[in-house]
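Below is one structure; the comments refer to it alone.
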Amino acid sequence: MLTLATVLSAASTDGLPILFQQIEIGVTLGAMYALVALGYTLVYGIIELINFAHGDIFMWATVIMLVVVNAMHIAAPPSNFFALIGLLLLLMAVGMVVSGSLNFGLERFIYRRLRRAPRLAPLIAAVGASFILETVAQIWRGSGSYAFPDIFPPSGVSIGSLRIPVLDAFIVFMAVGLMILLDRFIRMTKIGKAMRATAQDPEAASLMGVNVNRTIGLTFLIGGALAGAAAMFYNLYVGQVWYLTGFQLGLIAFTAAVLGGIGNIYGAVLGGFVIGIVEALATQYLPNGSSWALAVVFGILVLILVLRPSGLLGQQVPNKV
Amino acid sequence: MATQTTPKQATPSRVDRMRSWASETMIAGRPVIWYVTGWRFALIALILTILLPLVPYDVYPGIQSLVVAMTTVWIYVMLALGLNIVVGYAGLLDLGYVAFFVIGSYTFAAGTFGQLHDWTGGGVFPVPTFPMIWLIPIGALLAGFFGILLGAPTLRLRGDYLAIVTLGFGEIVPIVFQNLPTFFGNLGMSATQPAPIDTPFGQITFTDPLNNAPFYYLALGLVVLITLGVAALRDSSVGRAWVAIREDETAAETSGVNLTRTKLLAFALGAFVGGIGGVINTAFVPSILPVNFNFNVSITILIMVVLGGIGSIPGVIVGAIILRLFDVYILGLINDPIHQSALVAPATAPLHFLANVDFNVMKYLIYGIVLVIMILLRPQGIIPDARRRRELKGIGAAPEDMSAVGLFEAEEAGADIPALDNLDQTAYAGEGSDAQGRDS
């Protein structure tokens with residue numbers, strides 16, 4: 001409430017253009033958060049595990065993409081349109097493969113062994129895995145952050161005083177496209193049906209002939225791949241490759257997933273956009289805003305959990321006994 | 001898992017051989033095992049640790065640095081014992097334990113420095129100063145208060161949400177201190193070292209850099225107090241309520257346990273102990289740099305608990321000692337010599353790459369691996385919780401059930417160590433039942 005009041009009072013003095021511009025930034029950030037949040041929510045929906053390492057999987061995709069770009073000696077936007085599209089598709093594929101396979105590997109070699117252990121065990125293992133992924137990146141790349149080269153042309157469209165860079169439009173367009181694709185996949189395909197069945201009741205699903213292990217592994221793969229796509233957008237948009245980006249972004253995206261109602265993919269998307277906008281507004285309107293942005297996001301997380309633990313779109317489900 | 005149903009008699013394991021040696025060898029008319037069992041072992045260990053600062057320089061020149069290292073070890077033992085109340089007893093994963101450490105730290109700094117900046121960072125206003133003896137309970141109570149403040153709304157939630165909320169809290173608290181000009185922002189604070197205390201036996205000075213024994217004894221004394229307090233709590237009705245919640249919230253609630261209040265008590269007590277650790281640490285160091293309070297601290301303490309044995313007091317103490325000694329003492333011992341010799345070696349030498357390896361970063365990799373490996377292979381820790389083991393033996397659970405019990409289960413401890421019927425066994429269990437006990 002305090003945040004909202006500050007925002008509104010500041011908006012009235014600074015004028016609406018800044019507010020709209022911040023919302024535009026927020027939507028772009030939100031598209032990335034939503035993609036990462038989907039990974040949390042898919043995994044939580046199917047095995048009720050908070051995959052702490054999800055953010056670090058995202059970070060690894062950003063790192064590997066930087067390595068690929070450097071190896072190709074690309075430091076500026078390609079002049080040819082098709083070369084640009086090709087490069088973006090290549091990077092996205094790299095990111096999706098890296099984080100998808102890392103996430104799949106975590107499930108296969110760590111979480112799967114702990115599926116019947118008490119809740120705390122896989123959670124602690126996930127924290128450990130996150131720690132390992134971060135530290136390996138730190139040892140390999142050092143503690144500093146690296147700039148990702150600007151490979152996207154900096155052109156944009158102006159509507160009045162509002163400026164929409166092509167990059168932002170591209171990110172939102174692609175992210176929404178991936179979300180629609182995911183929705184179709186889960187709703188229309190046989191594998192999607194298996195995923196929903198496993199989420200509802202793994203035992204019953206396996207009695208109906210669903211290969212539960214494969215379905216869970218695939219869920220991790222898809223969730224990871226979405227994080228990999230988000231990693232490419234992040235590299236283009238923020239462009240800071242750092243071993244701790246995944247930690248912070250993971251926390252923000254998790255907040256988004258909880259805000260929307262964890263386990264609910266539409267909730268994750270909604271939560272992602274809301275958190276992105278809130279963060280952009282907080283950065284603009286709070287004094288020394290960028291250093292408080294994370295604290296604001298967490299404040300929201302605590303508030304949601306207190307006021308509406310099931311999230312915006314989640315339903316109240318009784319605890320499984 | 002199957003090993004526990006089939007007792008192994010065929011070949012005596014290393015543990016068995018160690019045990020028979022311990023029961024046959026006599027010292028002063030008693031077998032060795034008599035000395036290393038239960039409270040006697042604790043007593044002997046305590047006497048040895050009390051004597052440590054008295055070792056003269058001539059006998060061991062590195063004694064002062066060892067005493068400094070051991071002081072920080074005791075501080076971390078406190079923290080691990082505090083976190084163990086939350087994670088081990090109540091089964092709540094607290095990933096932001098560093099927050100309470102921070103609150104204790106700033107309590108000491110503000111309470112000895114005498115002034116703070118105002119909200120804008122411009123002027124200063126005076127803050128009453130207190131002697132250290134008062135700041136310990138003040139810091140602990142403040143931390144406990146914030147624990148209740150955070151816990152009251154969130155503890156009604158499911159456990160894994162709590163993990164994230166505490167993680168967020170652990171991130172926010174240092175951010176708040178970093179950004180508030182009141183507490184000097186990013187620069188941190190330097191505390192005034194505690195004033196000398198007059199006692200009937202003479203004056204105790206805490207500021208002598210060549211004699212760290214007073215701090216050592218202060219920290220050790222607090223560890224003993226906290227250990228006794230935690231043990232008493234564990235065996236009280238509250239402790240049983242915690243375990244009931246940890247095992248099955250729904251069943252505990254139906255049996256009349258007030259979930260929120262019981263969890264909140266665990267959370268607040270954990271925070272309380274964390275606050276004590278923060279106060280003592282700042283008094284000892286005596287400066288604060290807010291960037292040092294990060295997730296790594298929370299995780300390090302969690303690893304101490306998991307490594308030693310979740311919910312086991314001797315386990316947690318041993319886990320904290322191992323990890324902290326490794327950190328401050330052993331890592332410090334190997335880091336510089338390896339770097340120097342690797343730098344001197346020609347660039348083509350096979351181990352030259354070691355010159356570029358920072359072992360202080362590498363340690364977090366090791367910590368992460370330890371965490372995952374322990375959870376996968378030995379979830380009960382180095383020294384499993386005795387009550388837990390007794391429960392498992394008592395009810396004679398079937399192997400399938402054992403795997404479900406998982407985290408706290410004494411996976412093979414029951415098969416390895418006979419007659420585990422009371423707490424006294426924990427001490428020698430620690431001697432042998434680690435990885436080498438898995439030989440068959």
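The values are calculated or read from the model by the stated rules, or taken from the named source; none is laboratory data. If you're wondering where the values come from, they're calculated on a predicted model, not measured in any experiment. No Cβ is skipped: glycine too gets one built from the backbone with ideal geometry, and neighbour counts run over all protein chains shown.
Within the stretch A:85-125, count every residue that is under 30 Å from B:VAL243 (Cβ atoms) and away from every other protein chain (no Cβ under 14 Å).
The total comes to 0.
Residues being facing chain B (nearest Cβ under 8 Å) and not in a helix (DSSP H, G or I): count how many of those fall in the stretch A:126-147.
Total meeting the criteria: 1.
Checking B:THR207 against (1) within 14 Å of chain A (Cβ to nearest Cβ); (2) surrounded by fewer than 17 Cβ atoms within 10 Å (Cβ to Cβ); (3) under 27 Å from the mean Cα position of the chain (by Cα): exactly one of these is not met. Which one?
(1)
Among the residues of the stretch A:277-291, are any modelled with pLDDT of 90 or more and aromatic (Phe, Trp, Tyr)?
no
For the stretch B:303-322, check the following and say yes or no: at least one residue is part of a loop (DSSP other than H, G, I, E, B), within 14 Å of chain A (Cβ to nearest Cβ) and on the phi > 0 side of the Ramachandran plot.
Yes.
Taking the stretch A:264-296 as the region of interest, how many residues are buried (at least 24 other Cβ atoms within 10 Å of the Cβ) and either in a loop (DSSP other than H, G, I, E, B) or β-branched (Val, Ile, Thr) (or both)?
Looking only at that region, the number is 3.
Among (1) within 28 Å of B:ASP385 (Cα to Cα); (2) surrounded by fewer than 19 Cβ atoms within 10 Å (Cβ to Cβ); (3) in contact with a helix residue (DSSP H, G or I) (Cβ under 7 Å, 6 or more places away or on another chain), which single condition is B:GLY229 missing?
(3)
So for the stretch B:183-193 (the condition being surrounded by 16 or more Cβ atoms within 10 Å (Cβ to Cβ), more than 10 Å from chain A (Cβ to nearest Cβ) and under 21 Å from the mean Cα position of the chain (by Cα)), does at least one residue qualify?
No, every residue in the stretch B:183-193 fails to be surrounded by 16 or more Cβ atoms within 10 Å (Cβ to Cβ), more than 10 Å from chain A (Cβ to nearest Cβ) and under 21 Å from the mean Cα position of the chain (by Cα).
Please state which of the following conditions A:MET65 fails to meet, knowing it meets all the rest: (1) assigned to a helix (DSSP H, G or I); (2) under 22 Å from the mean Cα position of the chain (by Cα); (3) within 14 Å of another protein chain (Cβ to nearest Cβ).
Among (1) assigned to a helix (DSSP H, G or I); (2) under 22 Å from the mean Cα position of the chain (by Cα); (3) within 14 Å of another protein chain (Cβ to nearest Cβ), A:MET65 violates only (3).
Quick check: anything in the stretch A:304-311 assigned to a helix (DSSP H, G or I) and β-branched (Val, Ile, Thr)?
The answer is yes; a qualifying residue exists.
Do we find that B:GLY151 is away from chain A (no Cβ under 13 Å) and either charged (D, E, K, R) or under 17 Å from B:ARG261 (Cβ atoms) (or both) in this structure?
no
Among the residues of the stretch B:165-181, is any over 30 Å from A:GLY263 (Cα atoms), part of a helix (DSSP H, G or I) and more than 14 Å from chain A (Cβ to nearest Cβ)?
no
Just the residues that are loosely packed, with under 15 Cβ neighbours inside 10 Å, of a type in the set (A, V, I, L, M, F, W, C) and over 24 Å from the mean Cα position of the chain (by Cα), please, taken from the stretch A:68-106.
Matches in the stretch A:68-106: A:ALA71, A:MET72, A:ALA75, A:ALA76, A:PHE81, A:PHE82, A:ALA83.
Condition check: away from chain B (no Cβ under 12 Å) and either modelled with pLDDT of 90 or more or in a helix (DSSP H, G or I) (or both). Does A:GLY250 satisfy that?
Judged against the criteria, A:GLY250 is not a match.
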